[in-house]
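To start, the structure under review is shown below, and the notes come after it.
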Amino acid sequence: MINNLKKIDISKELSGKKGYSLNLSKKILNNLLESIVFCIKEDVLILKNIGVFKILDKKERIGRNPSTKETFTISSRKSLSFIPAKRLSKIINQQK
């Protein structure tokens, strides 16, 4: 079963566990996410025991539609890469 986690769900959880108001929880979460995005844009973000986020620059290339064999150009773009820490991978694999 796949659960989609929303920012409001995290805010409600933070509010319930720590006793903060829902508005304060939303502000804390938004500030945290803004900081994370800023750090990723600046350089590589390493979160100890969680993993590494970094931006990859993808070059322009030729793509092909497999059903029609039509070729087209895929423009250059930035992509986000995440490499999980060994500890996080170990914790996830133990839960089976």
**Complete:** Check: C-alpha center the stretch 1-26 vs C-alpha center the stretch 36-74, spacing in Å is 29 Å
**the chain: relative contact order as a whole-number percent, Cα under 8 Å and 6+ apart** = 20 percent
**Asked** Over the stretch 44-96, what relative contact order in percent results from Cα pairs under 8 Å that are six or more residues apart?
**Response** 39 percent
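Can you order the peptides 44-51, 30-37 by their average number of other Cβ atoms within 10 Å per residue, highest first?
Working: 44-51: 13.0, 30-37: 11.5.
The packing order, highest mean first, is 44-51, 30-37.
Counting pairs of Cα atoms in the chain, how many percent are more than 15 Å apart? Spell out each step's value before the answer.
Details: 3483 of 4560 pairs.
I get 76 percent for the Cα pairs in the chain exceeding 15 Å.
Sum up the charges of everything whose Cβ sits under 13 Å from the Cβ of ILE40, counting Lys and Arg as +1 and Asp and Glu as -1, but leave ILE40 out.
Values: positive: LYS41, LYS54, LYS78; negative: GLU34, GLU42, ASP43.
After counting each charged neighbour, the total is 0.
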**Alpha-carbon Rg/Rh ratio, for the stretch 1-42, with Rh computed the Kirkwood way** = 1.08
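Relative contact order for the stretch 13-56: what is it in percent, counting Cα pairs under 8 Å that are at least 6 residues apart?
Taking the mean separation of contacting Cα pairs over the length of the stretch 13-56, I get 22 percent.
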**Complete:** With DSSP loop assignment and no more than 16 other C-beta atoms within 10 Å, the chymotrypsin sites (Phe, Trp or Tyr not before Pro) in the stretch 19-96 are TYR20
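Rule-based calculations on the coordinates, nothing more; no lab input. Values in this document were obtained by computation on a predicted structure and should not be read as measured data. No Cβ is skipped: glycine too gets one built from the backbone with ideal geometry, and neighbour counts run over all protein chains shown.
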